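See structure below.
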Amino acid sequence: MARQTFWKGYLKLSLVTAAVSLTPATTESNKVRFHVLNRQTKNRVESRYVDSVTHKPVAERDQVKGYPRGEDDYVLLEDEEIEEVGLESTRTIEIDTFVPRGSIDWIWYDKPHFLAPEDKVGVEAFCVIREAMKANDVVGIARLVLYRRERAVLLEPLGKGIVLWTLRYGDEVRDPVAELDDKTEIDTKLLTLMKQLVKEETKDWSPTMVQDPIQKRLKSMIRGKQQSLKKAAPAQKPAPVKSTGNVINIMDALKKSLAAEDGRKPR
């Protein structure tokens, strides 16, 4: 099955650049989804913005974002003003720093994506960046606009590719709960029995361990109701994918990058 690419741009490390594309590493396409209908007419129900006082629909041109500073008092911000404080480029993943692999706790990880070179020209540059991270046992940190928000992202080599993780913001991760009393004594016999139970229940990992039973039951119920209804399966044509390239001399770019770094170091 072809990759469902949803973002294209460039991976950049100093002067080395590669055209790349992103594909979500997870999918919810198999999840049962419902539309809200009018029970009487069976027509779909639409969601619209309405004025909270007059209850009249508000046209898109009249909608504006507001930050509350008091009761019924807001600071208004236009979309253009908000965009100005974002990244200058929304199509470049520029790695600006590296951290030791495994040094970021799992709670900061958000959504995984597969990062891959978009054309043959960028393969060599992509592979050089990936192998350099592997050799130094580090992961890259960058910023990227995804899902309409600017996000910190982590790039981690995995096999022949790179996994790009969006990271949670600092204010999204709560402080851990209060620590338990470390003076609590554990019964050694109880611990021995518990360790034995854990050992007996230990199995090799399998994706079947995280299957959703509710989704299975819903699909079974829907199939039963569909038996008396006509099925209509509209054909979907995949959108053509255009490839872009950027011819570069990786060796020259690396030499210039290192020379620039040496020039910035204090002597």
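The values are calculated or read from the model by the stated rules, or taken from the named source; none is laboratory data. Computed from a predicted structure; not experimentally measured. Cβ coordinates were reconstructed from backbone atoms using ideal geometry, including for glycine residues, and neighbour counts include every protein chain displayed. The accessibility values were calculated without ligands, DNA or RNA, using every heavy atom of the protein model including side chains. Shrake-Rupley method; radii C 1.70, N 1.55, O 1.52, S 1.80 Å.
Some observations on this one:
- Residue, farthest from residue 148 (Cα to Cα), within segment 4-31, restricted to residues that are charged (D, E, K, R) and not in a strand (DSSP E or B): 31
- Looking at segment 127-214, the strands (runs of 3 or more DSSP E) lying wholly inside it that each contain 2 or more residues that are charged (D, E, K, R) sit at 149-158.
- Scanning segment 37-66 for residues that are of a type in the set (A, V, I, L, M, F, W, C) and open to solvent by 100 Å² or more (accessible area, probe 1.4 Å) yields one hit, 53.
- Scanning segment 67-114 for residues that are surrounded by 11 or more Cβ atoms within 10 Å (Cβ to Cβ), of a type outside the set (A, V, I, L, M) and in a strand (DSSP E or B) yields 74, 92, 94, 98, 109, 110, 111, 112, 113, 114.
- Condition broken by residue 160, with the remaining ones in (1) under 29 Å from residue 125 (Cβ atoms); (2) surrounded by 10 or more Cβ atoms within 10 Å (Cβ to Cβ) satisfied: (2)
- Residue within segment 106-117 that is β-branched (Val, Ile, Thr) and farther than 30 Å from residue 250 by Cβ present: yes
- The numbered conditions (1) aliphatic (A, V, I, L, M); (2) over 19 Å from residue 91 (Cβ atoms); (3) open to solvent by less than 30 Å² (accessible area, probe 1.4 Å) are all true for residue 132 except (3).
- Inter-residue pairs, beta-carbon under 8 Å, first among the aliphatic types (A, V, I, L, M) and in segment 209-220, second open to solvent by less than 70 Å² (accessible area, probe 1.4 Å), 6+ apart: 218/32
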